[in-house]
Amino acid sequence: LERQLLMQNQMRERQTAMQIAWTREFLKYFGTFFGLATIGLTAGAIKKKNPGVLLPIVPLSFIFAYQYDMGYGTLLQRIKGEAENILDTQNTLLELPKGPLTYEALEKIRRSQSKFFIEK
């Protein structure tokens, strides 16, 4: 059982590391796009003398900030802290509908879905 717990923890850590690495890689591409879009929109706003052209920068900056926080900031620590808070103080939110699964319930479902099972 201890080996299984260690293996599951290693798998979770590797998945989290992959998610962070993916976010950092995505940030490189999105950062380039964001920079070019900002330059282009600023040039367009100056050329047309219309500051409304700069409006798309606002949502793009929120996306950029979120990705940066996920890849290099403290977002994961804040998520972990909130998850621990939910586990400690709001654990009723985690209850499954109709309660936890039991062996008897699974067998009942299996029997009802089986085409070859004959009830005695």
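Below 8 Å, C-alpha to C-alpha, sequence gap of six or more: please give me the relative contact order for the chain in percent.
Worked out over the chain, it gives 23 percent.
Please work out how much length the chain gains when fully extended from E82 to N9, using 0.36 nm per residue of separation minus the C-alpha to C-alpha distance, in nm with one decimal.
Result for the pair: 24.3 nm of gain on full extension.
Tell me the label-point distance for the pair Q19, Y103, using the 7 Å Cα-to-Cβ offset, in nm and rounded to one decimal.
So the label points at Q19 and Y103 sit 3.4 nm apart.
Which is the longest stretch in the chain that no exposed loop site breaks, taking sites as chymotrypsin sites (Phe, Trp or Tyr not before Pro) with a DSSP loop state and at most 11 other Cβ atoms within 10 Å?
Counting only loop sites that pass the neighbour cut-off, the longest clear stretch is 1-115.
Could you do me a favour and compute the accessible area per residue for the stretch 1-119, 1.4 Å probe, result in Å²?
On a per-residue basis, 88 Å².
On the protein heavy atoms, probe 1.4 angstrom, tell me the percent of accessible surface of the chain carried by carbon and sulfur.
Of the solvent-accessible surface of the chain, carbon and sulfur hold 64 percent.
Classify the stretch 1-119 from the C-alpha gyration tensor, please: rounded if a/c falls under 1.5, else prolate or oblate depending on whether a/b exceeds b/c.
Because a/c hits 1.5 or more and a/b exceeds b/c, the stretch 1-119 counts as prolate.
Work out which helices of the chain, taken as complete DSSP H runs, extend at least 20 Å along their axis over the Cα atoms and score a mean Kyte-Doolittle of 0.5 or more, then list them.
Within the chain the helices that satisfy the rule are 57-72.
The values are calculated or read from the model by the stated rules, or taken from the named source; none is laboratory data. All values derive from a computational prediction rather than experimental measurement. Glycine also receives a Cβ, built like all others from the backbone with ideal geometry; neighbour counts cover every protein chain displayed. For the accessible areas, the whole protein counts, side chains as well, though only heavy atoms, and no ligand, DNA or RNA atoms are used. Shrake-Rupley method; radii C 1.70, N 1.55, O 1.52, S 1.80 Å.
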